[in-house]
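The values are calculated or read from the model by the stated rules, or taken from the named source; none is laboratory data. All figures in this text were calculated on a predicted structure; none of them were measured in a lab. Glycine gets a Cβ as well: all are built from the backbone with ideal geometry, and neighbour counts include every protein chain shown.
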Amino acid sequence: MNDIIDVQSNEQKAQGLKNIGWVSYVLHLIVAVGAVVPGAQASALLLVIALVIDLVKRGDAEGTWQANHFSWRIRSVIWAGVLYVVTSPLWLLLIAPGWIAWGLISLWFLYRIVRGMLAMSKNQAVDA
């Protein structure tokens, strides 16, 4: 009887983590699309909310295939943030280099989010 309860609770935990992952991915996607589509800027607050969700729930996913997704999203946000900061001086030189650099970073971020979403839809870890 306990084995049945354990299996059900593990399945419920896995589904709960997947639901949290989808919420996080959708928040990331809204921000990523907003960064790529002119005039569709989404609030960076959505990204902060998604990052906090990922940081808080990452421990719950430890030892599962979903742990990879939490790390993937966290690394994506951190790397994008670092790249935006490093390339921000390009905006002081001329508008074009800054626009090009940030456009490429935004496309890279969008790619990472879509790639992660596709892997999650197949119940697979993201290949690094």
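Residue 114 passes all but one of (1) within 25 Å of residue 11 (Cβ to Cβ); (2) at pLDDT 95 or above; (3) among the aliphatic types (A, V, I, L, M); which number fails?
(1)
Spot the failing condition for residue 115; the list is (1) loosely packed, with under 13 Cβ neighbours inside 10 Å; (2) assigned to a helix (DSSP H, G or I), and only one is missed.
(1)
Out of the residues in segment 68-78 that are in contact with a helix residue (DSSP H, G or I) (Cβ under 8 Å, 6 or more places away or on another chain) and without any contact (Cβ under 8 Å) to a residue 24 or more places away in the chain, which is nearest to residue 124 (Cα to Cα)?
71
Among 63, 81, which is the only one that is out of contact with any helix residue (DSSP H, G or I) (no Cβ under 7 Å at 6 or more places or on another chain) and assigned to a helix (DSSP H, G or I)?
Answer to the check: 81.
Please work out which residue is farthest from the chain's Cα centre (by Cα), limiting yourself to segment 48-64 and to residues that are under 22 Å from residue 12 (Cα atoms) and crowded, with 16+ Cβ neighbours inside 10 Å.
64
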